[in-house]
Amino acid sequence: MSHEFLDLPQLLSAAGTVRLPGSKSISNRVLLLAALSAGVTEVRDLLASDDTERMLEALQALGVGVESLGDEAWRITGCGGVFPVKQAELFLGNAGTAFRPLTAALALAGGDYILKGVPRMHERPIGDLVDGLRQLGADVTYLGNDGYPPLHLKPASIRPGGSVQVRGDVSSQFLTGLLMALPLTGETVTVDVVGELISKPYIEITLATMARFGVTVVRDGWQRFTVKAGSHYVSPGVVYVEGDASSASYFLALGAIGGGPVRVEGVGRDSIQGDVKFADALAQMGAVIEMGPNWMSAQAPAGGLQAVDLDCNHIPDAAMTLATAALFAKGTTVLRNIASWRVKETDRIAAMANELRKLGAEVEEGEDFIRVTPVDRLASPPEGIDTYDDHRMAMCFSLAAFGTPLRINDPKCVAKTFPDYFQRFAGVTRAAPVIAIDGPSASGKGTVAGRVAAALGFAYLDSGALYRLTALAAHRAEVDWADEAGVASIAAELDVEFIGEDIRLNGVAVGDAIRTEAISAGASKVAALPAVREALLFRQRIFNRAPGLVGDGRDMGSVVFPQAVLKVFLTASAEARADRRYKQLIGKGFSANLPDLLADLRERDARDAQRSVAPLRQEADAKLLDTTSLSIEEAVQQVLDWAAEAAVQ
Ligand code: DC
């Protein structure tokens with residue numbers, strides 16, 4: 001049973017800039033209109049995808065200037081409505097957003113073109129669009145089955161006084177393709193939609209994109225659209241392809257919770273997507289929102305966020321982000337009119353309620369609302385936050401990391417809309433810092449780590465104690481230290497509390513019971529079992545809280561906290577360590593024998609270094625601190641100096 005998870009440390013703050021990936025439907029509209037324009041258009045933030053690649057290749061084949069500027073920016077040298085290449089065969093793969101609008105544009109452009117695609121493309125209907133184009137005088141022949149690609153387009157003889165009827169109830173892409181091509185006729189053309197027009201928001205995007213390129217469509221409700229004679233596309237110079245407005249919501253919320261400002265680039269005041277209204281909702285919670293034409297930013301208000309009671313019908317997707325932002329707002333947040341959540345990727349009201357409750361929040365859910373009351377200190381659910389194969393659940397719950405370290409199960413579900421979400425997330429957030437101190441037994445790292453933590457006001461994790469406690473608990477339960485599954489389930493269930501210097505097992509202080517030579521040997525044995533290490537992983541990571549952590553052990557820097565801001569490999573000669581242990585034992589009134597201690601130490605060193613999982617070794621990025629001839633104070637000072645250099649605090 002393997003499941004994927006992502007462990008997030010508690011976040012301290014968020015600030016920075018995120019460029020959102022471009023929207024697919026906007027990308028291909030902009031490319032075609034840039035190609036049809038007079039002048040040069042620089043298209044920025046284009047989505048990198050199959051559909052856009054097919055469009056770029058086709059435009060290039062038609063003689064349009066297509067030049068990559070790197071970084072998802074392209075320079076398109078438009079042809080002013082007249083493609084230089086008059087005869088071409090274009091292969092458009094399975095790119096519907098390229099095939100439909102190119103069919104319309106090329107049918108009216110006055111050349112001889114063949115348009116084809118993959119077999120599946122030849123099964124996707126295009127008859128409604130072809131019928132519309134024929135009404136204008138286009139000469140279109142089906143090369144395969146009637147009503148389907150591949151198509152042969154020959155120069156049209158445009159009929160004056162144009163009027164077209166097109167069906168609106170199959171795909172809005174037919175109307176989109178037709179509308180975008182109409183300026184090529186040079187005539188005034190009126191399109192009447194037959195039947196109920198579906199996917200209206202996409203027609204809004206079409207009209208807005210055309211307007212950006214200088215062509216106004218006169219609209220009469222959703223039934224009649226007119227493009228006037230003399231309309232022609234003019235390059236607006238630079239065009240930014242909008243990012244996904246719903247994806248922007250997570251980053252704006254990060255800024256509103258974590259200080260900010262967090263700025264998203266790709267959507268802004270001029271956005272043609274409905275979900276940008278999320279910014280207004282965040283502003284109602286008190287966030288300081290700023291906007292430019294293609295950017296927005298959010299900052300936390302001085303007094304913190306306030307709860308809202310909001311009808312979210314207009315922003316169903318982005319509203320999910322408000323539910324987790326509510327964890328950081330004063331008061332009870334109510335999100336209403338969200339019945340559609342119940343029929344999305346999952347029942348989002350139920351999923352949201354379950355997972356918010358795991359963090360300790362008080363949640364009430366209704367058929368079409370959710371009510372969230374936060375708690376002062378969020379809990380880290382040991383089994384993690386479930387994401388229900390819903391990208392938005394994963395992205396929403398990343399915000400909860402401001403309250404607690406967190407495990408997100410199946411984080412890769414974000415790929416549906418935002419494959420590198422968590423990289424971008426890490427890029428604008430600052431996590432509670434970790435100083436990792438690894439080294440062999442009796443090197444003095446526990447003492448040094450404890451003092452460094454105290455000096456910085458950080459928490460201290462004695463990870464060795466967890467292995468010692470596991471060995472002790474297994475011993476008490478009469479589970480053999482070699483029984484991997486048995487010991488691992490004990491490790492998973494370990495009821496342990498660290499209260500200052502005190503370590504409690506099942507509520508009882510263990511004192512020196514975990515420091516005996518027998519338990520030391522047992523700890524070293526159970527620590528070699530992969531399932532035991534796995535069971536203790538998240539238990540260690542939940543120590544990664546504000547304001548910071550010093551962890552000591554063997555694999556702090558390599559496995560548990562690879563993101564540590566400072567990694568120290570603290571060691572001393574075996575003789576020096578045996579001598580220190582000897583003095584420590586004698587000081588506590590135990591009897592001890594130096595040669596035996598030295599032999600034991602070497603044996604444990606060997607086992608810790610040679611085991612297959614998380615063996616003890618100095619990481620390439622760890623600083624070596626040999627304390628053989630250093631006092632504790634000197635060692636502590638050295639670590640503090642390094643911490644200052646690493647800009648910890
Ligand atoms: O640091 P210590 O002596 O208290 O550690 C006890 C045992 O646990 C030791 O044999 C190594 C093991 N250990 C480990 O494998 N990984 C850690 N992070 C800490 C300790």
> Taking segment 387-406 as the region of interest, how many residues are more than 19 Å from LEU12 (Cβ to Cβ) and either among the aromatic types (Phe, Trp, Tyr) or open to solvent by less than 50 Å² (accessible area, probe 1.4 Å) (or both)?
Replying inline: 9
>> As an exercise: evaluate ALA181 against (1) free of Cβ contacts under 8 Å to residues at least 60 places away in the same chain; (2) open to solvent by less than 10 Å² (accessible area, probe 1.4 Å) and give the number of the one condition it does not meet.
In response: (1)
> Out of PRO547, PRO562, which single residue is at pLDDT 95 or above, more than 14 Å from the ligand (Cβ to nearest atom) and open to solvent by 40 Å² or more (accessible area, probe 1.4 Å)?
Replying inline: PRO547
> Pick from segment 503-527 the residues that are open to solvent by 30 Å² or more (accessible area, probe 1.4 Å) and in a loop (DSSP other than H, G, I, E, B): which of them is farthest from the ligand (Cβ to nearest atom)?
Replying inline: GLY507
>> With the structure loaded, tell me whether VAL568 is modelled with pLDDT of 95 or more, closer than 25 Å to ARG611 by Cβ and open to solvent by less than 30 Å² (accessible area, probe 1.4 Å) or whether it fails that test.
In response: yes
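If you check VAL532 against the conditions, is it within 24 Å of GLN638 (Cα to Cα), within 13 Å of the ligand (Cβ to nearest atom) and of a type in the set (A, V, I, L, M)?
On the way: within 24 Å of GLN638 (Cα to Cα): no; within 13 Å of the ligand (Cβ to nearest atom): yes; of a type in the set (A, V, I, L, M): yes.
When the stated conditions are applied, VAL532 does not pass them.
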> In segment 363-374, which residues are in contact (Cβ under 8 Å) with a residue 24 or more places away in the chain and either open to solvent by 50 Å² or more (accessible area, probe 1.4 Å) or among the basic types (Lys, Arg) (or both)?
Replying inline: GLU367, ASP368, ARG371
>> Which of the numbered conditions does LEU469 fail, given that it passes all the others? Conditions: (1) farther than 27 Å from ALA329 by Cα; (2) open to solvent by 10 Å² or more (accessible area, probe 1.4 Å); (3) in a helix (DSSP H, G or I).
In response: (2)
>> Among the residues of segment 494-502, are any surrounded by fewer than 19 Cβ atoms within 10 Å (Cβ to Cβ), more than 16 Å from the ligand (Cβ to nearest atom) and touching a residue at least 24 places away in the same chain (Cβ under 8 Å)?
In response: no
> What are the residues in segment 609-622 that are open to solvent by 80 Å² or more (accessible area, probe 1.4 Å) and either charged (D, E, K, R) or more than 16 Å from the ligand (Cβ to nearest atom) (or both), if any?
Replying inline: ARG617, ALA620, ASP621
>> I'd like to check something: does segment 635-645 contain any residue that is open to solvent by 70 Å² or more (accessible area, probe 1.4 Å) and more than 38 Å from the chain's Cα centre (by Cα)?
In response: yes
> Could we say that PHE251 is outside any loop (DSSP other than H, G, I, E, B), in contact with a Lys or Arg (Cβ under 6 Å, 6 or more places away or on another chain), among the hydrophobic types (A, V, I, L, M, F, W, C) and at pLDDT 95 or above here?
Replying inline: no
> Could you list, in sequence order, the residues of segment 23-42 that are closer than 16 Å to THR97 by Cβ and open to solvent by less than 10 Å² (accessible area, probe 1.4 Å)?
Replying inline: ILE26, SER27, ASN28, VAL30, LEU31, LEU32, LEU33, ALA34, ALA35, LEU36
> Could you say which residue among ALA95, ALA73 is out of contact with any helix residue (DSSP H, G or I) (no Cβ under 7 Å at 6 or more places or on another chain), open to solvent by less than 20 Å² (accessible area, probe 1.4 Å) and aliphatic (A, V, I, L, M)?
Replying inline: ALA73
> Mind checking which residues of segment 588-608 are touching a residue at least 60 places away in the same chain (Cβ under 8 Å) and either under 50 Å from the mean Cα position of the chain (by Cα) or within 12 Å of the ligand (Cβ to nearest atom) (or both)?
Replying inline: ASP600, LEU601, ARG604, ASP605, ARG607, ASP608
> Which ones in segment 230-248 are more than 23 Å from PHE397 (Cβ to Cβ) and part of a loop (DSSP other than H, G, I, E, B)?
Replying inline: GLY230, SER231, HIS232, TYR233, SER235, PRO236, GLY237, VAL241, GLU242
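The values are calculated or read from the model by the stated rules, or taken from the named source; none is laboratory data. Computed from a predicted structure; not experimentally measured. Cβ: placed from backbone, ideal geometry, glycine included. Neighbour counts: every protein chain shown. Keep in mind that these areas ignore ligands, DNA and RNA; they rest on the heavy atoms of the full protein, side chains included. Shrake-Rupley method; radii C 1.70, N 1.55, O 1.52, S 1.80 Å.
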